[in-house]
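The values are calculated or read from the model by the stated rules, or taken from the named source; none is laboratory data. Predicted model, so just to flag it, every value in this text is computed and none were measured. Cβ atoms come from the backbone with ideal geometry, glycine included; neighbour counts cover every protein chain shown. SASA here: full protein model, heavy atoms, side chains in, ligands and nucleic acids out. Shrake-Rupley method; radii C 1.70, N 1.55, O 1.52, S 1.80 Å.
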Number of protein chains: 2
Amino acid sequence: MVTLEDVARQAGVSLATASRVLNGSTRQVGAALRARVEQAADELGYRANIAAQTLARGASNVIGIVVHDLTDPYFAALADGAMRAAATEGLLVMVGTTHRDPEQEIAYVATLNAQRVRAVLLVGSRVADPAVTGRLRDELARYQAGGGRAACVGQDLLGVDTVAPANRQGAAELARALAGLGHTRFAVLAGPPHLVTAADRCAGFVEALEELGLPAPQVIHGPFDRDGGYAAASQAGDATCVFAVNDVMAVGALAAYRERGVRVPDDVSVAGFDDIVTLRDHVPALTTVRLPLKDMGARALELALGEGDPAVVEQVAGEVVLRESVRRMT
Amino acid sequence: MVTLEDVARQAGVSLATASRVLNGSTRQVGAALRARVEQAADELGYRANIAAQTLARGASNVIGIVVHDLTDPYFAALADGAMRAAATEGLLVMVGTTHRDPEQEIAYVATLNAQRVRAVLLVGSRVADPAVTGRLRDELARYQAGGGRAACVGQDLLGVDTVAPANRQGAAELARALAGLGHTRFAVLAGPPHLVTAADRCAGFVEALEELGLPAPQVIHGPFDRDGGYAAASQAGDATCVFAVNDVMAVGALAAYRERGVRVPDDVSVAGFDDIVTLRDHVPALTTVRLPLKDMGARALELALGEGDPAVVEQVAGEVVLRESVRRMT
DNA sequence: ACCTCCTAGGAAAGCGGTTTCCAAGTCTGC
DNA sequence: GCAGACTTGGAAACCGCTTTCCTAGGAGGT
């Protein structure tokens, strides 16, 4: 590899001058030398060694994003939002996927700390296990002690800047909207009990029904993905309306009903949560709670990069979107 | 930040010993000292500075993946495959998205070169512009000259290891299958003419029809995404069967037809390409050409990491999957 | 006992940059 | 024409870690 020293030698200048010309500096360099250096760099095909720059400058230009699963469009949208924001700041992005293993998340924080990334974004639901959360907090604290910045999209459980979707309220509004259509017997495809996002959405829904004086819904737990929705739908009893705690599960549920000849929304109404863009052409169109995922990702990055000393928590409201997957009861 | 020197001092050993204990080495360290070092590191919350390690070792443990658009499930699947493979090798991943701008791709190669990443994966279609391709090749050559490894998922236009989906053959087989159902009047929602993947799929389809002695299809160009498919579908004439060069476009086309009251497959048959998993619950189920995207991503990483000196090109066959979005003509 | 060979530990030289600190030269203003 | 203030270029320290090279001590062989 060609180094800055090679360039300096070829241009007949000192290392310092070459560095100032090529890699930015407050200092001026005379036009003649500048030209010589630039030509030398070009001839030699010089590329600065960023590891060396990072070491010397004591600051890196990369950020880390940790998501649960990139192939889940929910995370893809959040990550994309954050990555666009990062790109406008001239930052590079390291992406880690945990495949929903909280231990992996902790490990990634450690690794990203070792990389001395400028900021790390933890994207995705927290889990309800205090031991795991505690260890993650410790790891984050260690990172922050070294000057690292962190933010989270999910729940405010880590003591860092957080973009928190209003899962409870969104689910509650959805419940009221569905109740407003005349439904009274509900089921919730609730996802895993330990996933806070799933639990919050479920709880918000259940509470709203209670406030409305409606019977408690049947709550069916299972995986948080398409197949989880598919499986859970098969266990739903005589509900007229089924709430899957995310869109991907809802699509699984719709598939299950379709296979069994249950018509949606005629026989049963189905609603999801998130308003995943890739699914907007689904038939029947999914009633859901829209979350501005890209904005949330971008906002999380802003927060992480920002100076705010006390961790800020931003609630993001969801918007109920009624579409054809639900019907009015007559 | 806590440095290795801090740890060494606290443990009362030399830097060398601390390094050997904490960051791996061929050399043995006595149990007593080892324990002291580990305890000191733990007490101080030491995390190795990877920038420094990279510099000292002259080799990094990160790879770069450049994709067009992470929110497109096609790229998400490919990237996920590659990332899983990377994880098993203990490699970290930097992801760059070009948003379909070839200049961005070139810029990323330069940046990843500067990062001295172990390998870079260029995921996604090449463009038919020789000037752009030439500049990208130059940048890759510069990277490889410094010992960098590269691979591509797409077309063999870069002189690097390549995983090449058999777009022409896949499209041709699809054409024969559709013709076998009795269709004779086709339209192709062909995507952008300069995108090689789109062009290949279109060409393979057109050629196969020609070989079958069928009339040439109507070819409609447009963007390579959902909205492109939507728009293009609106311009299709009296074809009984429409081939969208990727699934996402096909879904857009289906949406357009649905809105216009055109029934699929009764009034028109629609086929796509890729077999995107997220779309497998679409109604009507999409006829398509299945590509093993995750495997392709993983394979590309293997190739990039492998030693093979002459660049290897691996064709990946697609498999025609007939589903309900097409009908047999009677 | 004595010599050789191996081993564990430490000193120090890089890795490729950035940046401080100097020195020399160039402009000002009077 | 000269002191003083700016510029510009270079030497060298330093960023945090790895690794080579050296040394001293211990094990093993005879």
Open item on the list: I need the full set of residues from segment A:57-73 which are within 16 Å of DNA strand D (Cβ to nearest atom) and surrounded by 17 or more Cβ atoms within 10 Å (Cβ to Cβ), in order please.
Closed with: A:S60, A:N61
Open item on the list: Between B:T26, B:T17, B:T71, which is more than 14 Å from DNA strand C (Cβ to nearest atom) and hydroxyl-bearing (S, T, Y)?
Closed with: B:T71
TODO: Can you work out which of the residues in segment A:268-278 that are outside any loop (DSSP other than H, G, I, E, B) and more than 10 Å from chain B (Cβ to nearest Cβ) is farthest from A:A256 (Cα to Cα)?
DONE: A:D274
Open item on the list: Which numbered condition in (1) more than 9 Å from every other protein chain (Cβ to nearest Cβ); (2) away from DNA strand D (no atom under 16 Å from the Cβ); (3) free of Cβ contacts under 8 Å to residues at least 24 places away in the same chain is the only one that B:V117 fails?
Closed with: (3)
Open item on the list: I'd like to check something: does segment B:289-302 contain any residue that is open to solvent by less than 60 Å² (accessible area, probe 1.4 Å) and farther than 22 Å from B:D69 by Cα?
Closed with: no
Task: Residue count, segment B:120-130 (criterion: touching a residue at least 24 places away in the same chain (Cβ under 8 Å) and open to solvent by 20 Å² or more (accessible area, probe 1.4 Å)) - done: 3
- [ ] Could you tell me which residue of segment B:47-61 is nearest to B:G146 (Cα to Cα), considering only residues that are more than 9 Å from DNA strand C (Cβ to nearest atom) and at the interface with another protein chain (Cβ under 9 Å from one of its Cβ atoms)?
- [x] B:S60
Task: Which listed residue is outside the structural domain of A:S125 (by TED's automatic domain parsing), modelled with pLDDT of 95 or more and open to solvent by 60 Å² or more (accessible area, probe 1.4 Å), from A:L254, A:L286, A:L322 - done: A:L322
Task: Single condition B:E259 does not satisfy, out of (1) free of Cβ contacts under 8 Å to residues at least 40 places away in the same chain; (2) under 24 Å from the mean Cα position of the chain (by Cα) - done: (2)
Open item on the list: Only one of B:G222, B:G229 is more than 14 Å from chain A (Cβ to nearest Cβ) and touching a strand residue (DSSP E or B) at 6+ places or on another chain (Cβ under 7 Å). Can you tell me which?
Closed with: B:G222
- [ ] Sort through B:G229, B:G237 and tell me the only one that's among the small types (G, A, S) and surrounded by fewer than 21 Cβ atoms within 10 Å (Cβ to Cβ).
- [x] B:G237
Open item on the list: Residue pairs, Cβ under 9 Å, 6 or more apart or interchain, first in segment A:223-239 and under 17 Å from B:D281 (Cα atoms), second open to solvent by 60 Å² or more (accessible area, probe 1.4 Å) and in a helix (DSSP H, G or I). List them.
Closed with: A:R226/B:V277; A:Y230/A:E259; A:A233/A:R260; A:S234/A:R260
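Yes or no, residue by residue, for (1) within 11 Å of DNA strand D (Cβ to nearest atom); (2) more than 11 Å from every other protein chain (Cβ to nearest Cβ); (3) without any contact (Cβ under 8 Å) to a residue 60 or more places away in the chain; (4) within 30 Å of A:V277 (Cα to Cα):
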| site | (1), (2), (3), (4) |
| --- | --- |
| B:G30 | yes, yes, yes, no |
| B:R36 | no, yes, yes, no |
| B:A40 | no, yes, yes, no |
| B:A77 | no, no, no, yes |
| B:T88 | no, yes, yes, no |
- [ ] Being closer than 23 Å to B:A114 by Cα and at the interface with chain B (Cβ under 9 Å from one of its Cβ atoms) is the filter; apply it to segment A:90-107 and report the residue that is surrounded by the most Cβ atoms within 10 Å (Cβ to Cβ).
- [x] A:V95
- [ ] Inspect all residues belonging to segment A:3-16 and state whether any of them is open to solvent by 30 Å² or more (accessible area, probe 1.4 Å) and at the interface with chain B (Cβ under 10 Å from one of its Cβ atoms).
- [x] no
TODO: Give A:T54, A:T17, A:T26 a once-over and let me know the one that is outside the structural domain of A:N113 (by TED's automatic domain parsing), in contact (Cβ under 8 Å) with a residue 40 or more places away in the chain and within 12 Å of DNA strand D (Cβ to nearest atom).
DONE: A:T54
